[in-house]
Amino acid sequence: MAVELRDHVTLKKEALDNGWIQYKKDKKTKIATITFNRPDKQNATNIGMRQLYGEFIHKANVDDDVKVLVIRGEGNNFGAGGDLPEQAEMLSESSGDVSLLPEFGIDDPDVKYPPKNSFRFIHSLVDEYAKAPAGNRSLQEFKKISILETKGYCYGWHFYQAADVDLIVSSDDTLFGHPSFRYVGWAPRIWQWCETMGVRKFMEMMFTGRPFTAQEMYDIGFVNSVVPREKLEEETMKYALACATSRPVDTVQVQKTFFEVFKQHKGEYMGSLVSAWVEGMLPAVKEDKGMNDVVLGDEVFKERGLNNVVKDVDMLYPPEWRLAHSNRKKP
């Protein structure tokens, strides 16, 4: 019997009703804002939030009242990535087949999702992540100006957005990276990170599994501005207002189309498809069974607990390379 996730309509309604993701616009300035508002979960995004995110960007792209889109998070962090516990059954070795149709926005009971023992089980999902509606690369098709305001953690799914956005304004306490580099070893925006970070520095991040500070990301040209936390919103608004002040929106669309052609010439979408193929090979990856080896599955979600596993691995690193701010203060 296949395990069913809740339908995507319910998941989106839940995200809206709880205010986990919010959209607003200022017609006078033509600045729209998407805010992640799930601070108790470090703004982790679930299926409903990601799909709404894609829809909000699509709406802003068409809206004549929008010229600039700011993306930010409430609380201490921009965001720590996707909601991994939501994917526990998908990654479980003991559960039966799992229908991932809600990830595709499909609720039709007559549609059968591929079984776990097929290549298509994982690959269909990560290939969907290469498409804009899934919320992983929505900013690639956005023909207005996008600005990311980062603070605290910019990890995982939120780090995807940092790869694709036009400008990044960061607080000096921001850490950038992807925890999956320590456990799985890849993620959907590999190609774009190579382009925006530079191959050598991105390989350092991927192979060591360490996060980079805001200053390090500024030094390699990934971040546009780094300021103290108390000046972050002011700095973001400075950039947003400057971008919204001059040039017709038509001119912005022409400029963004040029940059889109430039990125596609360099293979951005091809990179998305290749990354999806690589991620689809996950079931074929052999576990090392080493002392510190971690495989996302029953041991993580049902036995030791995700938080305990992440902390245990984190403490194996030098303090200045740890993912958690609190762990960086420990010997």
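The values are calculated or read from the model by the stated rules, or taken from the named source; none is laboratory data. Since the structure is predicted, the reported quantities are computational estimates derived from the model, not experimental observations. Glycine gets a Cβ as well: all are built from the backbone with ideal geometry, and neighbour counts include every protein chain shown. Quick note on the areas: whole protein, heavy atoms, side chains included, nothing else; ligands and nucleic acids left out. Shrake-Rupley method; radii C 1.70, N 1.55, O 1.52, S 1.80 Å.
Observations on the structure shown:
- Annotation note: Cβ proximity below 8 Å between a residue of the range 36-54 that is small (Gly, Ala, Ser) and a residue that is assigned to a loop (DSSP other than H, G, I, E, B) and open to solvent by less than 10 Å² (accessible area, probe 1.4 Å) (sequence gap 6+ or interchain) occurs for 44/81; 54/135.
- For the range 8-36, a residue qualifies if it is on the phi < 0 side of the Ramachandran plot and small (Gly, Ala, Ser), and the qualifying residues are 15, 32.
- Test for residue 96: is it buried (at least 19 other Cβ atoms within 10 Å of the Cβ) and small (Gly, Ala, Ser): no
- Only residues that are open to solvent by 50 Å² or more (accessible area, probe 1.4 Å) and either part of a loop (DSSP other than H, G, I, E, B) or in contact with a strand residue (DSSP E or B) (Cβ under 7 Å, 6 or more places away or on another chain) (or both) were counted across the range 59-80, and they come to 3.
- No other residue among 89, 141, 93 is touching a strand residue (DSSP E or B) at 6+ places or on another chain (Cβ under 9 Å) and more than 19 Å from residue 277 (Cβ to Cβ) apart from 89.
- Hey, residue 33 open to solvent by 10 Å² or more (accessible area, probe 1.4 Å) and part of a strand (DSSP E or B) or not: yes
- Members of the range 136-156 that are among the aromatic types (Phe, Trp, Tyr) and over 15 Å from residue 56 (Cβ atoms): 153, 155
- The range 310-330 residues that are farther than 18 Å from residue 80 by Cβ and touching a residue at least 24 places away in the same chain (Cβ under 8 Å), paired with ones that are open to solvent by 50 Å² or more (accessible area, probe 1.4 Å) and part of a loop (DSSP other than H, G, I, E, B) (beta carbon under 7 Å, 6 or more apart): 316/292
- Residue pairs meeting the criteria (Cβ under 6 Å; at least 6 apart or on separate chains; first closer than 16 Å to residue 52 by Cβ, in the range 1-16; second modelled with pLDDT of 85 or more and part of a strand (DSSP E or B)): 15/21
- Taken over the range 132-168, the criterion of being within 28 Å of residue 317 (Cα to Cα) and among the hydrophobic types (A, V, I, L, M, F, W, C) is satisfied by 154, 157, 159, 162, 163, 168.
- Summed over the range 92-119, residues that are over 30 Å from residue 32 (Cβ atoms), of a type outside the set (D, E, K, R) and in contact with a helix residue (DSSP H, G or I) (Cβ under 7 Å, 6 or more places away or on another chain) total 9.
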